[in-house]
Amino acid sequence: MNELPELYISADSHVVEPKELWLTRMDKRFRARAPRIQSRPDGDYFAIEGVEPFSISPLGAMIQDKVAGREVVTRGGKRAEDIRAGAWQARARLADQQLDHIGAEVLYPGYGLVIFGAPDPEYQLACFQCYNDWLSDFCVELDGRALGAAVLPGNCPVEIMIKEAERTAKKPGLRSVMLVNNPAGRPYTLPVYDPLWAAISDLDLPIAIHMGTSTGEQLKDRIERFGGVYGVHLVDNRMGNAMRLLAQLIFGAVTQRFPRLRFVMVESGIGWIAGVLHFLDHWWTENRLWMEPRTDEKPSFFFKRNFWATFEDDRAGILTRHLLNLDHLMWGSDYPHTEGTFPHSREQIARDFAGVAAAEVRRMVSDNAAFLYGFQPPGNPAPLAAD
């Protein structure tokens, strides 16, 4: 492989929202119930109404052990003050971008990933509106080095989701909308979503669907059902939910009826996609004349036209890139999560892309995301000025 690009665009990065965000900015009707940090003897937890409190450690505190070269030995015991500052402070974020050769990022929630589980629709909407407004401000502070995905509530009426999409489309720094991966009891194949698909098509926004998000089952229950954190993260989040989502949207004829939709499967990985598409194409070929709803093209056609996918460390996916749509594959660092590549993204990319033509590397680690989101292809950033 030729020399690596100097800078990359991460199509999957995260923030960790300031711990006072909802306590200070949420609609006053809900402020007494606002999401907040709970300090316990065994560490800090994040509490959201209707959701089992969860440790803050994996979201941005455990990464400090990895950066220091220490083995991560526990998920507990961390405090909000241990979270890496770049997760929520703009200046520190710019410094971490420089450290990790990042020219720009697409940003997704931290605590907000779990707010989808809040059962009260008005409360959930208020939480996400507060987050979306803060994220817009944060992206503006980063001056073109980050764009955010505005989160649409997962259990509100569709007309409310449309209004929030239209509201946030006008806010600076927000360049896509994010939907829950598992809308329990209301799958995306239902006709009730058709006005939403039409509205987002008209807004010309990519639709990010981040793996691991759900309006139904509690995270604690999912961990127990899948035999631990590994089972949830690898089997349920990345494989089971991603496969289900792909099959539903294609075989449910959503992508046939709304050809301008652009779905981004975030943090799904890509190594599994070629095999699944082959199976879906085979099933379609043998059964298309009787299946309802009927689709006019093979599933792989719709994937290559309507879907993008992000990956971190995925050598198998890179080796199958020509069975997919190379222009729709986007690398991401998953900052500041420990399973991501920060602060060694350059080394990880060198290993994963060994033997890949330089032009193809650049497309997957930079240009594809730049084209989809409207970033300027990254050049060399100016150094941070001294205080």
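Please treat every number below as a calculation from the coordinates, not as lab data. None of the values given here were measured: they were computed from a predicted structure. Every residue, glycine among them, receives a Cβ derived from its backbone with ideal geometry; neighbour counts consider all protein chains shown.
Observations on the model:
- Positive end of the dipole of the chain (Cβ unit charges, origin at the Cα centre): among Gln89, Met26, Tyr193, the Cα lying farthest that way belongs to Tyr193.
- Environment charge of Leu152, counting only residues whose C-beta is closer than 12 Å and scoring Lys/Arg +1, Asp/Glu -1: -1
- Prolate/oblate/rounded call for segment 129-201, Cα gyration tensor, a/c under 1.5 rounded: prolate
- Note on the chain: semi-axes of the ellipsoid equivalent to its C-alpha gyration tensor, largest first and rounded to whole Å, are 30, 27, 21.
- Partners for Lys170 among aspartates and glutamates (Cα-Cα distance below 16 Å; same-chain residues under 8 apart left out): Asp133, Asp137, Asp202, Asp204
- Summary value for the chain: 20 percent relative contact order, contacts being C-alpha pairs under 8 angstrom separated by 6+ residues.
- Dipole of segment 8-373, positive direction: furthest Cα of Val114, Ala316, Phe54, with charges on the beta-carbon: Val114
- Leading residue at positive end of dipole, the chain (Cβ point charges), from Phe258, Leu174, Ser345: Phe258
- Estimated dipole of the chain in Debye, rounded to 20 [Cβ of Lys and Arg +1, of Asp and Glu -1, Cα centre]: 420 debye
- Here the Gaussian network model covers the chain, with springs between Cα atoms less than 10 Å apart; of Ala95, Ala87, Ala32, Ala32 fluctuates the most.
- Taking Leu323, Leu107, Leu152 as the candidate residues, the one with maximal mean-square fluctuation in a Gaussian network model of the chain, Cα springs under 10 Å, is Leu323.
- Between Val72 and Ala47, the FRET efficiency from the beta-carbon distance, with R0 = 25 Å, is close to 0.55.
- Residues of type lysines that Lys28 reaches as a straight line, Cα spacing below 19 Å, ignoring anything fewer than 8 places off in the same chain: Lys19
- Candidate aspartates and glutamates for bridging to Lys298, where Cα separation is under 16 Å - those fewer than 8 sequence places away on the same chain excluded: Asp281, Glu286
- When the helices of the chain are scored as -39500 (n - 2.57) per DSSP H run of n ≥ 4 and the total is divided over every residue, the value at 222 nm lands at -9500 deg cm²/dmol.
- Think of each Lys and Arg Cβ as +1 and each Asp and Glu Cβ as -1; about the Cα centre, that makes the dipole of segment 91-191 roughly 180 debye.
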